[in-house]
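Trainee: Sharing a structure, written as structure tokens. Questions coming.
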Amino acid sequence: MKKIVDQKFTFLNLQHIKIAYIIQTLGVLLILGHDFLKGGLEKMKANSLWVLFILSSVVYGYLSLSISVEQEKEIKRPFRSFLLSLFVLLVIGSITAYLTSVTSGFNWSNGVLFGGIIFVCGLIAMNYAYHLRKNNKMNGKMMNKRRPCSRSSLFLRIIHITITRSNPILCYQYFTLKFR
């Protein structure tokens, strides 16, 4: 099979993958729905498709998170937003633990366990988003940094530009911006 290099065909291929994923997810949901109607929630959870559905949903969520972090406006202080999110998550986990522990049939250990699970799952997602934001900020800084240019590296760059037959206007703009 040949590698697709045309952007139009790459986009079309991604659309086909999207449609296949939607059909696959609908099929899994229909099978799980059938198990739920025939045997209840326990039979549905016993089916191995349940684990596949949960796992694919989590992976899709993390992949979507990386795209949404790339699309958001630049965050000046990623660590500050991480601490704020951590505080909010701690409050949500504590409220969930308290409400679970006061529910009839549950005790304080169940509440702490349930609140802890919510906290750890949220912490993993927040940590992933923090690292993505930090890397985006670092990549942005690296793109804006000017590197010092010696005469020998200038000569090598001119040779490189000449060999690769770059656009002369872009070459002029590059060198005039570089040495201002």
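The values are calculated or read from the model by the stated rules, or taken from the named source; none is laboratory data. Every value quoted in this text rests on a predicted model; they were computed, and no experiment measured them. As a convention, Cβ positions derive from the backbone with ideal geometry for all residues, glycine included, and neighbour counts pool all protein chains shown.
Trainee: So, F87, is that one exposed (fewer than 13 other Cβ atoms within 10 Å of the Cβ), of a type in the set (F, W, Y) and part of a helix (DSSP H, G or I) or not?
Mentor: Yes; evaluated as a whole, the condition is true for this residue.
Trainee: Among all residue pairs at least 6 apart or on different chains, which show Cβ distances below 6 Å where the first residue, located in the range 110-132, is within 11 Å of L89 (Cα to Cα) and the second is in a helix (DSSP H, G or I)?
Mentor: G115/G93; G115/T96; G115/A97; I118/G93; I118/T96; F119/G93; G122/L89; M126/S85
Trainee: Within the range 62-81, count every residue that is in contact (Cβ under 8 Å) with a residue 60 or more places away in the chain and within 30 Å of I23 (Cβ to Cβ).
Mentor: Going through the range 62-81 one residue at a time, the tally reaches 5.
Trainee: Determine if the range 64-78 includes at least one residue that is over 27 Å from L132 (Cβ atoms) and either outside the structural domain of K137 (by TED's automatic domain parsing) or at pLDDT 85 or above (or both).
Mentor: No, the conditions are met nowhere in the range 64-78.
Trainee: Let me ask another. Need pairs with beta-carbon distance below 8 Å; first residue without any contact (Cβ under 8 Å) to a residue 40 or more places away in the chain and within the range 15-42, second surrounded by 13 or more Cβ atoms within 10 Å (Cβ to Cβ) and aromatic (F, W, Y); sequence gap 6+ or separate chains.
Mentor: Listed pairs, sorted by first residue: T25/F53; V28/F53; L29/F53; L32/W50; L32/F53.
Trainee: Next up: Can you confirm whether L63 is loosely packed, with under 13 Cβ neighbours inside 10 Å and part of a helix (DSSP H, G or I)?
Mentor: The answer is yes for L63.
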